Each structure stands twice: as C-alpha cells, then as structure tokens.
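Notes follow the structure.
The values are calculated or read from the model by the stated rules, or taken from the named source; none is laboratory data. All values reported here derive from a predicted model rather than from experimental measurement. Backbone-built Cβ (ideal geometry, glycine too); neighbour counts: all protein chains shown.
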C-alpha cells in the first residue's frame, strides 16, 4: 500500500492585513504551504485594499522568483455567477495573474457554494467552466447539499479537487474524517484544524485513508485557528501549523 501523500497544507484567510514580505518569507520555508485568499465582490470591491494587496503580492513573488502555492476561495455573488458559467471581470483578472513559470499565480480556485444557500449551479455550465480553464484546478465542497451535483460532474469526466467541510466554513470539527470518495481525486479536509491538533487530524485521516486508499493525495485546510484575537491571519500560528504537519510527515 502506498503512503498517504500530503499535497498541500492550506493556510486560509490571509489578506491585506498580512505583511506580504513576511508571508513570502514564510512560504519560501515550506514547499507544501498554500495560501487561500477569500474573494467576492464584497471582499474585494467594498474593501479597496484587497485587490491592490493581491496584485502587489503577485508582483513581489514574481520579482523574487519564488514559486508558491496560492488559491482563490470564491464566495457569495461571484461563486453564484461561476455556477452559471459567468466569471466576474475582477475575478478573471486575478485568475489571469501569472507566476514565475508562466502558470497561473492562483493555480487552484475553490468554489464556496452550498446548494440551498446559493443558487443551484447549472450542471452543464459549471462543467464547461471547469473545462474552459484547464490551467486551473477547481476545488468543490463535498457535503450533503452538493453531493448529487458533484457526483454528476465526476460521472461526466470533469476533473476537480474535493474539500470535506461539514461545517462549511464555520471552523467546527466533524465527528469523523471520511474516507476518500474516489481513488483518483485529491481530497481535502477542513473544519476545526489548527496547529495544536493537525497531527491528530492527520492520524484520523490516515486511518480512514487506509480503509480506502487514495492515489491522488490529500490536503488539509485551516483558517479560524490561524487567526489572532482580532480575527486577523496570524503568521506565527501559521508557521506552527506548517511545522506540525512537517513533523507528522517525518514521523510516518
């Protein structure tokens, strides 16, 4: 049986309050680290600092010739539009940013829709969207609400990554970490993960993975437990989280 491979250690919630130089230095120390930036019309257009910060970060990383992992986590109206095959102009510009190797700066795009909360995505238009942006990897939240739609996308041959987060962004740990649904789809886990417990969470994921091995790998995603008392992204907590994952990998 192959070993469970961790592909990304996602640190969500970084934004314009984060010092981009310190963030860049941290990312350069941890090759598996991935930043996840929350974006929507409200988060980008009504908070005028976010878009300039994202452009400045991409410019800095390119100037320093640093290859990093970065993802856009798309919310609210922008994600509802994506479900209908519509890409907001500001979002499209972010998706077009390039890294040092010519690949997208934001290589993964997480669609934070929940059927019943946002408008139900159009199956054909969402499938076409995934096909139309082959350089990006889309992440879909796999929960009871979204499951039937995602299963239809899989049956139609669309390629994507999955994220298990039963609390859907609330940072609440589930009662158990499910085994991978499909053996060739990258599976992500979120909900109640932080520096103090990520090793235990990885033990739980590994126990489930052994029952149903996944050859595409897994990733973990933390946000709320990486925040300081003011609710801002805390680079020290992020570093502790990344070190804890590295220690777990060495142990196994």
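Points worth noting:
- The listed residue being surrounded by 14 or more Cβ atoms within 10 Å (Cβ to Cβ) and under 26 Å from residue 117 (Cα atoms), out of 92, 60, 54, 72: 72
- Pairs meeting the criteria (first residue in region 113-142 and on the phi > 0 side of the Ramachandran plot and surrounded by 13 or more Cβ atoms within 10 Å (Cβ to Cβ), second residue at pLDDT 95 or above and in a loop (DSSP other than H, G, I, E, B), beta carbons under 7 Å, at least 6 apart or on different chains) are lacking.
- Of all residues in region 235-247, those satisfying the criterion of being more than 22 Å from residue 21 (Cβ to Cβ) and either surrounded by fewer than 18 Cβ atoms within 10 Å (Cβ to Cβ) or modelled with pLDDT under 95 (or both) are 246, 247.
- Counting only helices (runs of 4 or more DSSP H) wholly contained in region 40-127, the ones carrying 3 or more residues that are under 25 Å from residue 8 (Cβ atoms) occupy 50-63, 76-82, 89-96.
- Sole residue being in contact (Cβ under 8 Å) with a residue 24 or more places away in the chain and more than 15 Å from the chain's Cα centre (by Cα), chosen from 226, 250, 235: 235
- Selection within region 1-12: residues that are at pLDDT 95 or above and in contact with a helix residue (DSSP H, G or I) (Cβ under 6 Å, 6 or more places away or on another chain). The member of this set that is surrounded by the most Cβ atoms within 10 Å (Cβ to Cβ) is 11.
- Per this entry, residue 200 is not counted among residues that are modelled with pLDDT of 95 or more, in contact with a strand residue (DSSP E or B) (Cβ under 7 Å, 6 or more places away or on another chain) and surrounded by fewer than 18 Cβ atoms within 10 Å (Cβ to Cβ).
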